[in-house]
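I have placed the structure first, in the form of structure tokens, so that the comments after it can refer back to it.
The values are calculated or read from the model by the stated rules, or taken from the named source; none is laboratory data. All figures in this text were calculated on a predicted structure; none of them were measured in a lab. Methodologically, a virtual Cβ is constructed for each residue, glycine included, from the backbone with ideal geometry; neighbour enumeration extends over all protein chains shown. Please note that ligands, DNA and RNA were not included when accessible areas were found on the heavy atoms of the full protein model with its side chains. Shrake-Rupley method; radii C 1.70, N 1.55, O 1.52, S 1.80 Å.
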Amino acid sequence: MELRPFAGTYLTDPGAVWRDLLHRDQGVHYADDLGMWLISRHEQVRQAFGDPESFGNALTLAPVYEMCPEALAVVMRLDVPPTTAAADSPVHTRTRAALRATFANTAGRVSVQFGPIVRRRVDELVDGIARRRGEVVDLVPEFTALLPLLVVVDILGVPDRDVPRIRGWADGQIALIWGRPEPAEQVRLAQGLLDFWHYCQELVARRIDEGATGDDFVSRVLRHRDGDDEVLTEPEVASMAFNLLVAGHETTAGLLAHALEQALTTPDRWRRLAEEPASVPGFLEETLRFGPAIDGWLRVTRRPVTIGGVTIPAGARCLLLIGAANRDPAVFADPQRFDPDRVTARDHLSFGYGPHFCIGAALARLEARIALGRLAEAIPALRLATGYVTAYKPNVAFRAHQILPAVVDAGTLPSDRPGDPSGTSARAA
């Protein structure tokens, strides 16, 4: 079975495709339709992530198709310097150090720095959904995609009024780079990407004018820079904000949607999450393994590489199939089964591996844990709408749900809770 990321089985049941690819050509083969080498086994994907000298990042954010001339002309006006995801050493080493110094990236630091933001935003959204008893709510736009975006704009100090624009720009970037839009749509999305970049440049300029005294991420990075271009340049600060506004919410949005679908398709799972909050972290780890938000990531070979007994030439684009690696039977017993109690779930590669390991992993876990636990507590009878069928957006890298309609059955409303007459939850997850 071929990958075919833009049509067919891959948009409804990617696991069936991954199962076939794991047993094909030692897990490494060239896909003519994509013009890429596919790498699917856990050991091989881990090796590629951990070897930046052989597998570089220069083309990570380059479109996976031949862009039309009109859209390409717009994209060529983008002067975004590579910083983290698209950078190799020594640029990556320098910019990663700045990011680690200014962005909480351990469970303890994340809980202290971002926990209050996450809990406030979760309570706002969950309380709003819980009040819609008897209604069908599409959890994608109203919860799983919205919550992480609200958190990241709080972290950057961006006003809520800009959320719709940022969501459109971020979704557009993912479709433009890792999708396959029609030419007219390419032009529209390319212009949106340029507008998005200008927005981030203006955000940095405003923080500089304000003296960078705030507690927002951009101000912290500017203070870390302290006017020294050898630490970071101003365009690099804008690039980091640009990347965070996309990566900082799209991946967590995918994790939440996958977790909710897995929980709600089996009522006993949802009931357990509501009754046993301690089970939520393990459930999320198995979700990360079984249905990663990013199930394929790009690298380019910097020299000829032999992997899985297959030699890939220098300059070749490679798609590291994280989703397939996470279901490798050599690492996970009965890998096609979703098992919330799987003790090896954390061996997944959903946050990458090596020097480019996702710096936002702890934040993603915190958001998903608080959101899933709080929603299950507030609406223990939540269920998927009758007739729901899984469908993902066509994309090489991001595994995003088209919709996730759920019926808000009777549950405990915030105003029903003893000692909370105001209807505002102050409970910490």
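Apply the Karplus parameterisation 6.51 cos²θ - 1.76 cosθ + 1.60, with θ equal to phi minus 60°, to every residue of the range 211-221 and state each ³J(HN,Hα) to the nearest whole Hz, in sequence, with x for glycine and proline.
Result, rounded to whole Hz: x, 6, 9, x, 9, 6, 4, 4, 4, 5, 5.
Report the label-to-label distance for residue 306 and residue 195 in nanometres (one decimal), using points 7 Å from each Cα along the Cα→Cβ vector.
So the two model labels end up 5.2 nm from each other.
Would you mind counting up the charge near residue 103? Only other residues with Cβ under 12 Å from its Cβ, with Lys and Arg at +1 and Asp and Glu at -1.
Cβ neighbours under 12 Å give a net charge of +3.
Name the long-range amide H neighbours of residue 406: under 5 Å, sequence gap of 5 or more, or other chain; modelled H, no Pro or chain starts.
137, 138, 139, 385
Among the chymotrypsin sites (Phe, Trp or Tyr not before Pro) in the range 164-270, which ones are in a DSSP loop with at most 16 other Cβ atoms within 10 Å of the Cβ? Mind listing them?
Passing sites in the range 164-270 do not exist.
Cα centroids of the range 222-289 and the range 141-183: how far apart, whole angstrom?
13 Å
Roughly to the nearest percent, how much of the accessible area of the range 87-197 is carbon and sulfur, given a 1.4 Å probe?
Whole-percent figure for carbon plus sulfur exposure: 57.
Out of the GluC sites (Glu not before Pro) in the range 72-177, which ones are loop residues according to DSSP with at most 14 other C-beta atoms within 10 Å?
135
For the range 242-374, take the convex hull of the Cα atoms, compute a quarter of its surface area, and give me that in nm², please.
Answer in nm², one decimal: 9.2.
Each residue of the range 274-279 in turn: what ³J(HN,Hα) in whole Hz from Karplus with 6.51, -1.76, 1.60 and θ = phi - 60°, glycine and Pro shown as x?
Ordered by residue, 3J(HN,Hα) equals 6, 8, 10, x, 5, 7 Hz.
If a/c stays under 1.5 just call it rounded; otherwise compare a/b with b/c (prolate if a/b is bigger, oblate if not). Do that for the range 15-128, with a ≥ b ≥ c from the square roots of the Cα gyration tensor eigenvalues.
It is prolate, given that a/c is not under 1.5 and a/b is the larger ratio.
Amide H to amide H under 5 Å from residue 318: which residues, 5+ apart in sequence or cross-chain, H placed 1.01 Å off N in plane?
37, 299, 300, 301
Can you tell me how the range 120-255 classifies by the Cα gyration tensor, rounded, prolate or oblate, using a/c under 1.5 as the rounded cut?
Here the range 120-255 falls in the oblate category.
How would you classify the range 180-275 from its alpha-carbon gyration tensor, with a ≥ b ≥ c the square roots of the eigenvalues: rounded for a/c under 1.5, else prolate if a/b is greater than b/c, otherwise oblate?
Taking the square roots of the gyration eigenvalues as a ≥ b ≥ c, the range 180-275 is oblate.
Would you calculate a helix-derived [θ] at 222 nm for the chain, using -39,500 (n - 2.57) for each DSSP H run of n ≥ 4 and dividing by the full residue count, to the nearest 500?
Calculated from helices alone, the mean residue ellipticity at 222 nm is -14500 deg cm²/dmol.
Starting from the residue with the highest accessible area, list 294, 403 in decreasing order, probe 1.4 Å.
Correct descending sequence by accessible area is 403, 294.
What list of ³J(HN,Hα) couplings, whole Hz, do you get for the range 328-340 from phi and the Karplus terms 6.51, -1.76, 1.60, once you set θ to phi - 60° and write x for glycine and proline?
Those phi angles translate into 6, x, 6, 10, 10, 5, 6, x, 7, 9, 7, 10, x Hz.
Compute the accessible area per residue over the chain, keeping the other protein chains in place, probe 1.4 Å, unit Å².
40 Å²
All other residues with a Cβ under 14 Å from the Cβ of residue 326 taken together, and with Lys, Arg as +1 and Asp, Glu as -1, what is their net charge?
That sum, taken over residues with Cβ under 14 Å, equals +1.
Go through the range 317-419 and name the trypsin sites (Lys or Arg not before Pro) that are in a DSSP coil and have 16 or fewer other Cβ atoms within 10 Å of their Cβ.
337
When the solvent-accessible surface of protein heavy atoms is calculated with a 1.4 angstrom probe, in what order do 236, 70, 230 fall, highest first?
Accessible-area ranking of 236, 70, 230, largest first: 230, 70, 236.
Heavy atoms only, probe 1.4 angstrom, no DNA, RNA or ligands counted: give me 146, 59 ranked by accessible area, highest first.
Sorted descending by solvent-accessible area, the residues read 59, 146.
Show the residues, 5+ positions off or on another chain, whose built amide H is closer than 5 Å to the amide H of residue 332.
Amide H neighbours of residue 332, under 5 Å, 5+ apart: none.
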